[in-house]
Structures are given as C-alpha cells and as structure tokens.
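One structure below.
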Amino acid sequence: MGYVIDFDLSTILIAIVIWLCIIVFIRLKKRKSVVFLLFFSVFYAYIIKVLDVTQFPIFLNQDIRVIHGQTIWKTMNLTPLATLTKKDFQTLFLNIILTIPFGFGLPFISKSTWRKIFVVGIIFGTILESLQLVIGLIAGFTFRIVDINDVLSNAFGVIVGYALFVAFMCGFRFFLKERPENPILRYIYERNAK
C-alpha cells in the first residue's frame with residue numbers, strides 16, 4: 001500500500017509559508033525594496049510551478065509501481081545526445097521552453113552575466129534532475145527518466161531566456177531614453193544586461 005503526494009492545497013500552503021518567511025527576511029534583513037519583492041515573488045511563483053511540473057505527482061503506491069513503475073537505474077541516461085528519438089526531441093524542446101523564464105527572470109532579482117547564467121542554468125537543470133533521482137530512489141521506482149539531456153536542454157533554455165532578457169533591455173532602454181519616474185519601470189530600466 002501507499003499513496004500519492006500531489007501538488008495540492010497543502011503543498012501550495014507550504015510554498016506560501018516558505019515565501020512569506022523569505023519575503024520577511026529579505027525585507028527586514030536585506031532591506032530590499034517593495035519592487036524587488038514583487039519581482040522576487042513572481043520568480044518564486046515560477047520556480048514553484050517548475051517544481052510542480054517536474055516533480056509531482058510523487059507516487060508511493062506499490063500497486064501503481066507494479067503496473068507502470070520502472071527502476072530508476074534502468075531508465076537513467078548519463079550519455080549526452082546519444083540515440084535521441086523523436087520523443088526525446090520533443091522532451092528537449094519542452095525542457096528548453098520550461099526554463100526560458102528562468103533565464104529571463106533571474107536578472108530582475110540578481111546581477112547576471114553570460115557566465116553566471118550558464119553556470120546557474122547547469123546547476124538549475126542538475127537540481128531538477130537530482131530531485132527526480134532522489135524521489136525515485138526513495139520511492140523505489142519512478143515514472144520519470146533522469147536524463148543528462150534534460151540538464152543540457154534546461155541550461156540551453158536558461159541561456160535563451162537570458163538572451164531574450166538582453167534583447168528586451170536593449171529595446172526597453174531604446175524606447176525610454178531616460179530613467180522613468182514610475183518605480184517599477186525605473187527598477188526594470190536599472191537592470192544590468194551584459
């Protein structure tokens with residue numbers, strides 16, 4: 001016997017409590033502006049949604065394991081770009097799309113450069129795949145495939161997102177010749193795009 005851990009109301013409430021703790025810490029200890037907290041909150045909501053898509057549901061039901069589950073070691077792929085199928089290309093594309101907002105949004109809450117974005121993209125993809133591995137090991141089976149290609153496509157998506165951010169900032173500054181007075185527009189205007 002077992003059960004399913006799904007992204008439900010209790011998971012959302014836990015995410016909200018964590019968000020509130022982080023917001024209070026950032027506001028009181030780091031003295032960040034309300035506008036920063038707004039951008040941080042949007043980025044946080046995005047990360048929570050990525051975790052929902054990539055990690056949930058977590059099946060702990062042994063009946064489902066017998067019917068559909070697979071051992072984590074049989075499905076794991078640690079060889080990059082080897083024997084890609086049509087379905088693999090679809091998964092790579094979806095992973096790229098999934099992480100474009102990460103590369104676009106991170107510069108709004110952290111100073112970013114191409115090098116930092118590349119490293120953070122690799123780390124982000126590795127964390128997502130590692131969580132899938134750990135969950136599969138704890139449950140004893142998985143419905144997901146831990147794949148190095150996912151890490152690479154996640155990193156590529158982050159880089160594409162950052163390229164879009166740089167292009168956006170060039171256009172934004174071109175149309176707004178001087179610093180705007182609106183605090184949100186001014187915050188965007190002051191973002192660094194290297």
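The values are calculated or read from the model by the stated rules, or taken from the named source; none is laboratory data. Values in this document were obtained by computation on a predicted structure and should not be read as measured data. Cβ: placed from backbone, ideal geometry, glycine included. Neighbour counts: every protein chain shown. Quick note on the areas: whole protein, heavy atoms, side chains included, nothing else; ligands and nucleic acids left out. Shrake-Rupley method; radii C 1.70, N 1.55, O 1.52, S 1.80 Å.
Observations on the model:
Condition check ((1) over 21 Å from the mean Cα position of the chain (by Cα); (2) more than 30 Å from L84 (Cα to Cα); (3) of a type in the set (D, E, K, R)) across all residues:
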| position | (1), (2), (3) |
| --- | --- |
| E129 | no, no, yes |
| I145 | no, no, no |
| N154 | no, no, no |
| L164 | no, no, no |
| R173 | yes, yes, yes |
| L176 | yes, yes, no |
| E190 | yes, yes, yes |
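- Filter result (open to solvent by 20 Å² or more (accessible area, probe 1.4 Å), over 18 Å from I97 (Cα atoms) and in contact with a helix residue (DSSP H, G or I) (Cβ under 6 Å, 6 or more places away or on another chain)) within region 126-136: L131
- Residue ranges of helices (runs of 4 or more DSSP H) in region 106-194 with at least 2 members in contact with a strand residue (DSSP E or B) (Cβ under 6 Å, 6 or more places away or on another chain): 114-139
- V34 being under 15 Å from I184 (Cβ atoms) and open to solvent by 70 Å² or more (accessible area, probe 1.4 Å): yes
- Unique residue being out of contact with any helix residue (DSSP H, G or I) (no Cβ under 6 Å at 6 or more places or on another chain), open to solvent by less than 70 Å² (accessible area, probe 1.4 Å) and aromatic (F, W, Y) when the list is F165, F172: F172
- Residue list for region 32-57, filter: outside any helix (DSSP H, G or I) and either aromatic (F, W, Y) or without any contact (Cβ under 8 Å) to a residue 60 or more places away in the chain (or both): K32, F56, P57
- Residues that are in contact with a Phe, Trp or Tyr (Cβ under 7 Å, 6 or more places away or on another chain) and free of Cβ contacts under 8 Å to residues at least 60 places away in the same chain within region 78-132 comprise F102, I117, F124, listed in sequence order.
- Of residues in region 55-103 being among the hydrophobic types (A, V, I, L, M, F, W, C) and within 26 Å of F40 (Cα to Cα), the one modelled with the lowest pLDDT: F56
- Taken together, V17, V50, V35, V24 contain a single residue that is closer than 19 Å to L128 by Cα, at pLDDT 95 or above and of a type outside the set (D, E, K, R), which is V50.
- Residue in region 84-125 that is most open to solvent (accessible area, probe 1.4 Å), counting only those that are under 22 Å from S33 (Cβ atoms) and of a type in the set (A, V, I, L, M): I109
Residue-by-condition table, conditions (1) surrounded by 13 or more Cβ atoms within 10 Å (Cβ to Cβ); (2) among the charged types (D, E, K, R); (3) within 16 Å of the chain's Cα centre (by Cα); (4) farther than 22 Å from D150 by Cβ:
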| site | (1), (2), (3), (4) |
| --- | --- |
| I12 | no, no, no, yes |
| V17 | no, no, no, yes |
| F40 | yes, no, yes, yes |
| Y46 | yes, no, yes, no |
